[in-house]
Every structure is written in structure tokens, then in C-alpha cells.
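Read through the structure below, which is laid out as C-alpha cells, and then see the notes.
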Amino acid sequence: MRPISRKRLLDVVARFHRRGRRRDPFVPGSSRIPYGGRVYDERELVSLVDASLDFWLTAGRYAREFEERLARFLGVRHCLLTNSGSSANLLAVAALTSPLLGKRRLKPGDEVVTTACGFPTTLNPILQHGLVPVFVDVRLGTYDMDPRLLARAVSRRTRAVFVPHTLGNPADMDGIMRVVRRHDLWFIEDNCDALGATYRGARTGSFGHLSTCSFYPPHHITTGEGGAVATSDPLLRRIVLSLRDWGRDCWCDTGRDNTCGKRFSRKFGTLPFGYDHKYVYSHVGYNLKATDLQAAIGCAQLAKLPRFVRARRENFAYLLAHLGGAERHFLLPRETRHAEASWFGFPILVKESAPFTRAEVVGHLESRGIATRMLFAGNLVRQPAYASIRARIAGGLENTDRVMRSLFWVGVYPGITRPMRRFMARTLAGCAGLRGGAARGGEGGA
């Protein structure tokens, strides 16, 4: 039997996917419309199989390619792949506590300003490093941090700001950066929901000293599990690399040795002279690396990212254009000024004057197969896990509480087809005419 070549095998994989791919027809009111999910074709499978044939199971050639291409896309100098977006957030905060930063390092008791309206893994690393979160409210409509409240929240203990771009809508970077520069603060961007968004033409993820991305399946691109930390600061890049890779001081890529030429000729602390640099540890670190299999999928996905972003924006714009008549009872989202969002979802706030509740609207949508989500934790301060944390609330969190009580969102991801979004718009528009318990019956005007 003639041996099969790699190229021939990969051609078979591509044909297998194309022949086996089948999409069930969309049936309004019966078919499920997810809020997010994987969008892929044979190119991801071919890349995945290609990487598996190398059997280089940790980070390798695909990881290097993915990091370089993502850095170019964001407009930063460095990008480091991790095993999740949550790990990326952990690494970003941990990096700012490094002794290599000298007097600028964050220490227990220092304050980090953030929002309570968001996802737990923006808050968790702050607490895990003994830092004190300072919560400020968000603006209704954009659901991002209010820079005016940020300015008032800064105290003599404030050392950093950690801002998520909520549901892909960029925060007000002009206002935030003024505060950051005025007080010489560290700035981290949680860009997990906003990959591909821009503010005044610059990519979100390029403003912070550090920024993070997530590649979980519902996000803008996916590697299954996965994330990344981006920075243009070479020292921060070195620190993140060390923390990600067990805390080691060595910066050689996996499988490479002695790139500095001084592996056995240096002195570190009280270790013997010449101790192997590959086993010198300068941080209390982790193992948060991703694999080349994940990176191979990511490379194929990254080529599609501009198209994915366009699709998200088009789906968002369609819903916004067809829900104008619902504004009597719904507060519809608005894009931040000077921004082009890369929407993760379409947020809708049920007004207090509406004759129905969020629960009734959500129940109706779910009964029609339209998946809904809350804005993550709502108000993190009210979650059981954070009942006894050391924190400071700067001003009130009235808008955050309204989000917790009254906001939901639906998907705009590229897997939503035109028939799906038409049905979504009709069903949502019909909800505005519902009265109380009627929200659980009928098509809502769809």
C-alpha cells in the first residue's frame, strides 16, 4: 500500500468536512437561536490535524504564528497565548505585582478601580493578590465605566484601573486615559468581549499597559479554551512570560536551550554560580500555557476575524433598526462616541414603566427558541462569593443595580442567519406590546 502524504491526508480531511456538513433548516419558533457559538469550516479542521501530525502537544510553531499575527492585528508589540481569558486576566494583574517593577509594583492594600457590572474574572485577580477593588458605576445604554465617576474614585491608594469593554462596546477611552495619565496609573483592558473593536481608529486592546482576550467558543474567535495577554512593554512581556511558564526566569521557547548564551555562567541570588538558567525561578508562577492544537485552530479563526466582526455589526444594526418602535418599554443600546463596537451581544434594558418584567420577556423569548443571557453577574457586589470582601464603592451603583434587575441580551454572533435575525426582531418588537403575564403566550406579534 502506498504511504499517504501529509498533503493528501489534509485534502481528505477537508473533503470529509465539506461532505459531512449539513445544516438543518431554520423553523421559526421551533429551532434554537443560540446567543453565541463556534463558526468554522474545513480550514480549522485541516490546521488542527496538521498540528496533531507534528505531535508537538505544547506550544510550538502554530502558537508562535498566532501570537505574532494577533499582536499585529491589535497594533501591539507582544502577545502571549494562555489557556483561557480568565488566566489572561490573572496574569495581567499578577504582572503588576512583580518585584521587577520596583517601586511601581502593586502591593497588598493598593486600590484598583473597576466596575461591579461585569464578569467575575475581572474582579477575582484583584482580590487574589490582596488588592482592594474600588467599584464605580456604569452608563446606561453603553454599560461601560463612567469616566467622571472614575475621576472621583481615585484616592492616594489608587494604583491601577481595570476596565472591561462591555459586550464589545468600547469604553470612553478619552475620559479614562485622561484619568490614567493624570494620576500615573497602571491600566489593564479586559478586551475579552471586544476583539476587533476600535476607538478613534485604534484597536481596543492597544490602549492599556496590558490587555486580555478570550477565545472561549462564544467569543469573537475560538480555540476551544484559550486566551491571550497583549502588551507593548518588553519588561511586562518578560514578566507575563515568566508567570505563565511556572515563574521561571528563562525566556527560551519550549524545546530550545541557551538562546542567551549564558545558561551556565550566571549568578542568581544564593544559588550556586552557573546554576542552569532553565531552572531559575524569579516569580511565584503558574502553568497557564496553551497547546499548539489550540493555536492551530486560532490561526484559521484569526483569518476570519474581520468577517466575523462585520457580521456581528450587521446583526446588531439590523436589530437596532427594527426595534425603534419598542423604545417606549425598552432602553436600546448605543455605541460609544468615537467607537466602532465589535458587538458580543445586543443588550436590552426593560424600563421601570414597562407593563411587564424582564423575567416575562425572557421567558417568552426562550419559549420561542431565542437564547437570552443576563449581563453576566449583574452587580458583583451582590453575589454571594463577594459578600465579605474588602472593597470600596465610589458613589452609588444605581445603574449597575438596574442592569442586575432589568437587563438581558440576545446574540449577534456570525452563526445567526438572516431568517433567524428577522424572527428575533419581530419577536422582540412584539414583546413591547405585551401586558404582564401575556408575555408567556403567543408569538408576541411575530
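The values are calculated or read from the model by the stated rules, or taken from the named source; none is laboratory data. The shown structure was predicted, so the numbers you read here are calculated from the model rather than taken from an experiment. Don't worry about glycine lacking a Cβ; one is built from the backbone with ideal geometry, like all the others, and counts go over all protein chains shown.
General remarks:
- Selection within the stretch 265-281 - in contact with a Phe, Trp or Tyr (Cβ under 6 Å, 6 or more places away or on another chain) and either within 15 Å of Ala95 (Cα to Cα) or surrounded by fewer than 12 Cβ atoms within 10 Å (Cβ to Cβ) (or both): Lys267
- Strands (runs of 3 or more DSSP E) lying entirely in the stretch 151-255 (those with 2 or more residues that are over 30 Å from Tyr279 (Cβ atoms) and touching a strand residue (DSSP E or B) at 6+ places or on another chain (Cβ under 7 Å)): 158-164, 186-190, 210-214
- Looking only at residues of the stretch 50-74 that are surrounded by 15 or more Cβ atoms within 10 Å (Cβ to Cβ) and small (Gly, Ala, Ser), we find that the one that is nearest to Leu9 (Cα to Cα) is Ala51.
- Every pair of residues 6+ apart whose Cβ atoms lie under 9 Å, when the first sits in the stretch 9-30 and is touching a residue at least 40 places away in the same chain (Cβ under 8 Å) while the second is of a type in the set (Val, Ile, Thr) and assigned to a loop (DSSP other than H, G, I, E, B): Phe26/Thr417
- Residue check for Gly118: crowded, with 22+ Cβ neighbours inside 10 Å, under 24 Å from Thr166 (Cβ atoms) and either at pLDDT below 95 or not hydrophobic (A, V, I, L, M, F, W, C) (or both): yes
- Flag if Lys262 is modelled with pLDDT under 95 and outside any loop (DSSP other than H, G, I, E, B): no
- Here Glu352 passes the criteria (1) under 30 Å from Arg152 (Cβ atoms); (2) in a helix (DSSP H, G or I) except the one numbered (2).
- Among the residues of the stretch 299-322, some residue qualifies, meaning at least one is more than 24 Å from the chain's Cα centre (by Cα) and more than 27 Å from Phe73 (Cα to Cα).
- Among the residues examined, Thr142 does not qualify as buried (at least 22 other Cβ atoms within 10 Å of the Cβ) and touching a strand residue (DSSP E or B) at 6+ places or on another chain (Cβ under 6 Å).
- Condition met for Leu45 (assigned to a helix (DSSP H, G or I), without any contact (Cβ under 8 Å) to a residue 40 or more places away in the chain and surrounded by 17 or more Cβ atoms within 10 Å (Cβ to Cβ)): yes
- Leading residue by the ranking (farthest from the chain's Cα centre (by Cα)) among those in the stretch 231-264 that are of a type outside the set (D, E, K, R), under 12 Å from Ala95 (Cα atoms) and surrounded by 15 or more Cβ atoms within 10 Å (Cβ to Cβ): Gly247
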